[in-house]
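The values are calculated or read from the model by the stated rules, or taken from the named source; none is laboratory data. For clarity, every value in this text was computed on a predicted model and none was experimentally measured. Here the Cβ positions follow ideal geometry from the backbone for every residue, glycine too, while neighbour counts run over all protein chains shown.
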Amino acid sequence: MLLTNRSKNLYQEVILDHNKNPRNYRAIENPSHFAKGNNPLCGDKLDVYLTVDENNVVTDVSFVGDGCAISKASASIMTTLVKDKTIDEVHKLFEGFHDMATGKIEPDDDPKLRRLRAFSGVKDLPARVKCATLAWHTLDAALKDKEIVSTE
Amino acid sequence: MDTVSNDILSQKRETPGRILEIRRDFPILNRVIQDKPLVYLDNGASTQMPRQVMDTITAYHEFHHSNVHRGVHQLSQEATDLYEGAREKVRSFIGAKSTKEIVYTSGTTAAINLVANSYGTANLTKGDKILISNMEHHANIVPWYMIARKTGAEIVVIPIHDDGSLDMDAFVELLDEKVKIVCVNHVSNALGTVNPINEIAVLCREKNIATVVDGAQAIGHFPVDVTDLGVDFYAFSGHKMHGPTGIGILYGREELLESMEPFMGGGDMILSVSFDEISWNELPYKFEAGTPPIAQAIGLGAAIDYLNSLDREFLESYEQQLLEYANEKLSQIPGVRIIGTAEGKISLNSFVINGVHPHDIGTILDGEGVAVRTGQHCAEPVMDRFGIPATTRASMAFYNTFEEIDALADALLKVTELFDVTD
């Protein structure tokens, strides 16, 4: 099979694997944080669940939803990366990922992005950046809601 | 639209020379995308323009541009003549009785919004019903929801069968005395279904129900005669018939247009204005407020000239051959299911592939130079009806070739290999 380089860059083995066997694909009962994400342009829908402990550490994270391979693999890999990280660390990871997906930085610029580099190919496809970042935006929204709640 | 006999089907398909000649009129078809020749199969979204249309638009800008219906100077007269000449071309092209029935709009959406606001608001009251087919584009749904909300009218959906054809038995049953307007497309943009517009119009006329037909997907594929069809309103867009964007047509039966109030106010749509009294201009101008899309209207006229210069009967049967060939090719690809298989549909295939999201298909196809549409096609109720989130749509035009269908099939095989799809 001779695919163009662009498609090969985008649909790497790791993305195809997570698309087919998504990790942490389940709902969490009584999550401390939850948000629904959707991309009305393409109809992708994604629910992100989190359990965050009193030290602001993500002790459990999961997702459920429908979407393209890029958005599903991104959500799956995200859940494997943010577990056991503090909310601060999660935010920094999201920022780095976002900058990489939009071509602002290269994956090699930041060692944290090593396991996310498979998504660097989306920077050449503006229409697909949102697919890669949907899960992260949803996670961010979930965490922000909690922050608002906790300040009350 | 005759079907092709089986012995032709089994032969290796070679694109007729007449088609290759027509392709030379469309410069964009020579584009190279990702180092591959462009295979443009997104004609349902927008068709390409032939050089003849571009040349007409350029000549207008270089020699005749001015505002219409305003000046006494020569350029204004020339621009007006070209602009009104195009209206007559549209009238003749769709078989309307008078140019009074031909209203220029910015497109199909604007045309339907005009009917909804002007005719709908005046003719709907609480408890009245608007029938809308389950296969409508959002352009023939949303304006009616907005008017229903304003007037208290109720939206009732005409169901469709599993093959994507309209359920005419259900339609007939729905036609009670509360129904005031029926909204249906001539051809479904998501399914390719051709609806029995004449039959619908006859049933509605008997009961004094207005028919609003979205003709956007029909006008570029086969001849349309609004008088023969017997419809009250028929809307379409220039860019779906090899003309420019920004221009569309609302055909309305003169008697109905006459009875309607203008939708938008401004210059050119009035006879006289004082702060005490305003009188509307005559048809069709009372619906054309402001400076119109002059170059685009003239471009639409050129597209009509171009289509008239072709053997449309031949093109129609050729497009059917393309569709049959595409059906045959798609059926050989693992995991493919075609959505919309109604008899007599136009040359458009919406399909899903087991376990592969349409956006991934679209991106990989684009990498192979093949342009298709992926998503909900502005027809979410259709997707819900078939229980799918989205489809991939390959929509053909008369300039597509059998070799391009081969390229589509080859690219789809790459998708199914990459995603390890089985039947």
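Where helices (runs of 4 or more DSSP H) fall entirely within the range B:184-285, those with at least 1 residues that are more than 24 Å from B:R312 (Cβ to Cβ) are at B:197-206, B:254-259. Please go through the range B:25-65 and give me each residue that is of a type in the set (G, A, S) and either assigned by TED's automatic domain parsing to the domain that holds B:H242 or within 25 Å of B:I346 (Cα to Cα) (or both), ordered by number. Within the range B:25-65, B:G44, B:A45, B:S46 meet the criteria.
Counting only strands (runs of 3 or more DSSP E) that fall entirely inside the range A:1-108 and contain at least 3 residues that are touching a Cys at 6+ places or on another chain (Cβ under 6 Å) and modelled with pLDDT of 95 or more, no element qualifies.
Residues that are touching a residue at least 24 places away in the same chain (Cβ under 8 Å) and farther than 27 Å from B:A303 by Cβ do occur in the range B:210-218, at least one of them.
Checking the conditions here, which among B:A407, B:A326, B:A411 is assigned to a helix (DSSP H, G or I), touching a Pro at 6+ places or on another chain (Cβ under 9 Å) and more than 9 Å from chain A (Cβ to nearest Cβ)?
Going through B:A407, B:A326, B:A411 in turn, the sole match is B:A407.
Filtering the range B:286-323 down to residues that are among the hydroxyl-bearing types (S, T, Y) and part of a helix (DSSP H, G or I), which residue is surrounded by the fewest Cβ atoms within 10 Å (Cβ to Cβ)? This residue is B:S309. Within the range B:17-64, the set of residues being within 14 Å of another protein chain (Cβ to nearest Cβ) and among the β-branched types (V, I, T) comprises B:V32, B:I33, B:V39. Checked against the criterion of being in contact with a Ser or Thr (Cβ under 7 Å, 6 or more places away or on another chain), modelled with pLDDT of 95 or more and within 24 Å of B:T245 (Cα to Cα), the candidates B:L191, B:L166 yield just one match: B:L191.
When B:H61 is tested against the conditions (1) without any contact (Cβ under 8 Å) to a residue 40 or more places away in the chain; (2) over 22 Å from B:P284 (Cβ atoms), the lone failure is (1).
Could you look through the range A:109-152, keep only residues that are part of a loop (DSSP other than H, G, I, E, B) and either in contact with a helix residue (DSSP H, G or I) (Cβ under 8 Å, 6 or more places away or on another chain) or at pLDDT 90 or above (or both), and pick out the one that is farthest from A:E13 (Cα to Cα)? Walk me through how you get there before you give the answer.
Let us first name the residues in the range A:109-152 that are part of a loop (DSSP other than H, G, I, E, B), namely A:110, A:125, A:152.
Imposing the further condition that a residue be either in contact with a helix residue (DSSP H, G or I) (Cβ under 8 Å, 6 or more places away or on another chain) or at pLDDT 90 or above (or both) reduces the set to A:110, A:125.
Details: A:D110: 22, A:L125: 19 Å.
Among those residues, the one meeting the criterion is A:D110.
For the range A:52-77, a residue qualifies if it is surrounded by fewer than 17 Cβ atoms within 10 Å (Cβ to Cβ) and either touching a Pro at 6+ places or on another chain (Cβ under 6 Å) or within 14 Å of another protein chain (Cβ to nearest Cβ) (or both), and exactly one does: A:D66.
Within the range B:357-376, the set of residues being crowded, with 24+ Cβ neighbours inside 10 Å, more than 7 Å from every other protein chain (Cβ to nearest Cβ) and in a loop (DSSP other than H, G, I, E, B) comprises just one member, B:V372. Beta carbons closer than 6 Å, at least 6 apart along the sequence or on distinct chains, never pair a first residue in the range A:1-26 that is facing chain B (nearest Cβ under 8 Å) and over 15 Å from B:I361 (Cα atoms) with a second that is aliphatic (A, V, I, L, M) and crowded, with 19+ Cβ neighbours inside 10 Å. Among the residues examined, B:D214 does not qualify as surrounded by 15 or more Cβ atoms within 10 Å (Cβ to Cβ) and modelled with pLDDT under 95. Taken over the range B:393-423, residues that are within 24 Å of the chain's Cα centre (by Cα) and among the β-branched types (V, I, T) amount to 2. Residues that are surrounded by fewer than 22 Cβ atoms within 10 Å (Cβ to Cβ) and either over 29 Å from B:L307 (Cβ atoms) or touching a His at 6+ places or on another chain (Cβ under 7 Å) (or both) do not occur anywhere in the range B:395-402.
Quick one: which of B:R87, B:R70 is part of a helix (DSSP H, G or I), among the basic types (K, R) and in the same structural domain as B:A235 (by TED's automatic domain parsing)? Full working, then the answer.
Details: B:R70 fails: part of a helix (DSSP H, G or I).
After applying the criteria, what remains is B:R87.
May I ask you to list the residues in the range B:67-94 that are among the small types (G, A, S) and buried (at least 16 other Cβ atoms within 10 Å of the Cβ)?
B:S76, B:A79, B:A86
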